[in-house]
Amino acid sequence: MALMITDECINCDVCEPECPNDAIYMGESIYEIDPHKCTECVGHFDEPQCVQVCPVACIPTNPAHVEARDTLWMKFERLTAAKGAASGAGDAPVAA
């Protein structure tokens, strides 16, 4: 499952920099999580980092985006590959 941020969010700004997938962003009034980028930190950490740092415990699983751990792992691999391609990782070095 992807995670979500509820309206108990106090906009403390601690969750956004903890997300290794850049899935957390400032929404209209509170932070939000893009379910297409959220892997619950599968592939990065044992526990979701945003949940670990949230002082008001407002980050539950999102029932609208139920995903098995295998699916989260495949999403992690897809996001990692896309990030590597965007940064040019794997390209041959340029000769001077």
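Please count how many residues of the range 39-57 are open to solvent by 50 Å² or more (accessible area, probe 1.4 Å) and among the polar types (S, T, N, Q). Looking only at that region, the number is 1. Scan the range 58-89 for residues that are without any contact (Cβ under 8 Å) to a residue 12 or more places away in the chain and either under 20 Å from ASP13 (Cβ atoms) or surrounded by fewer than 10 Cβ atoms within 10 Å (Cβ to Cβ) (or both) and the total you get is 5. Checking each residue in the range 17-33 for being open to solvent by 40 Å² or more (accessible area, probe 1.4 Å) and touching a residue at least 24 places away in the same chain (Cβ under 8 Å) picks out GLU18, GLU32.
Let's see how each residue does on (1) under 24 Å from ALA81 (Cβ atoms); (2) touching a helix residue (DSSP H, G or I) at 6+ places or on another chain (Cβ under 8 Å); (3) not in a loop (DSSP other than H, G, I, E, B):
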{"position": "ASN11", "(1), (2), (3)": "no, no, no"}
{"position": "PRO20", "(1), (2), (3)": "yes, yes, no"}
{"position": "LYS37", "(1), (2), (3)": "yes, yes, no"}
{"position": "VAL51", "(1), (2), (3)": "no, no, yes"}
{"position": "ILE59", "(1), (2), (3)": "no, yes, no"}
{"position": "ASP70", "(1), (2), (3)": "yes, no, yes"}
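The values are calculated or read from the model by the stated rules, or taken from the named source; none is laboratory data. Here the structure is a predicted model, which means the values were calculated and not measured. Because the Cβ atoms are built from the backbone with ideal geometry, glycine has one as well, and the counts that use them run over all protein chains shown. Calculation scope for accessible area: heavy atoms of the full protein, side chains included, ligands and nucleic acids excluded. Shrake-Rupley method; radii C 1.70, N 1.55, O 1.52, S 1.80 Å.
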